Amino acid sequence: MRIFSSPPISGHLLRRISAELVSLFAQNEQNMNAVERLLHYTELPCEGETTTPNDPPASWPDQGRISFTDVKFVYREGLPLVLKGITFDVKPGEKVILHVSIQHGVWC
């Protein structure tokens, strides 16, 4: 028995098979990268103790008050200030929304 196949059909079939093989290879490589990453993380040294003598007491915060006085902030040395002398108080139970906008690459 002889099976005849036209060139366009066999070409399409070969493209589909090779595309599927490439996809399987890429997925297998992603899985192996994930395994390598997990192994790397399991070999990292511990970061330190979970508690220190400088930790606040367990009841902290007892009032929930936050006070900012003349706060100036930069993201890193050499960059301009993003907070320029901001002062405010948040009393216990208050909710705060901080809205920051950027116009033309400049904080407003």
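Within the range 3-15, identify whether any single residue is part of a strand (DSSP E or B), small (Gly, Ala, Ser) and either surrounded by 10 or more Cβ atoms within 10 Å (Cβ to Cβ) or at pLDDT 90 or above (or both), and answer yes or no. There is no residue in the range 3-15 that is part of a strand (DSSP E or B), small (Gly, Ala, Ser) and either surrounded by 10 or more Cβ atoms within 10 Å (Cβ to Cβ) or at pLDDT 90 or above (or both). The number of residues in the range 49-81 being surrounded by 10 or more Cβ atoms within 10 Å (Cβ to Cβ) and modelled with pLDDT under 85 comes to 2. Being in a strand (DSSP E or B), surrounded by 10 or more Cβ atoms within 10 Å (Cβ to Cβ) and among the β-branched types (Val, Ile, Thr) is a description that does not apply to VAL22. Could you say whether any residue in the range 66-74 is outside any loop (DSSP other than H, G, I, E, B), within 23 Å of the chain's Cα centre (by Cα) and aliphatic (A, V, I, L, M)? So far as the range 66-74 goes, no, none of its residues is outside any loop (DSSP other than H, G, I, E, B), within 23 Å of the chain's Cα centre (by Cα) and aliphatic (A, V, I, L, M). Looking across the range 34-65 at every residue that is hydroxyl-bearing (Ser, Thr, Tyr) and in a loop (DSSP other than H, G, I, E, B), the one that is nearest to HIS99 (Cα to Cα) is identified as SER59.
The values are calculated or read from the model by the stated rules, or taken from the named source; none is laboratory data. Fair warning: this is a prediction, and the values are worked out from it, not measured in the lab. FYI the Cβ positions are ideal-geometry reconstructions off the backbone, even for glycines, and counts take in every protein chain you see.
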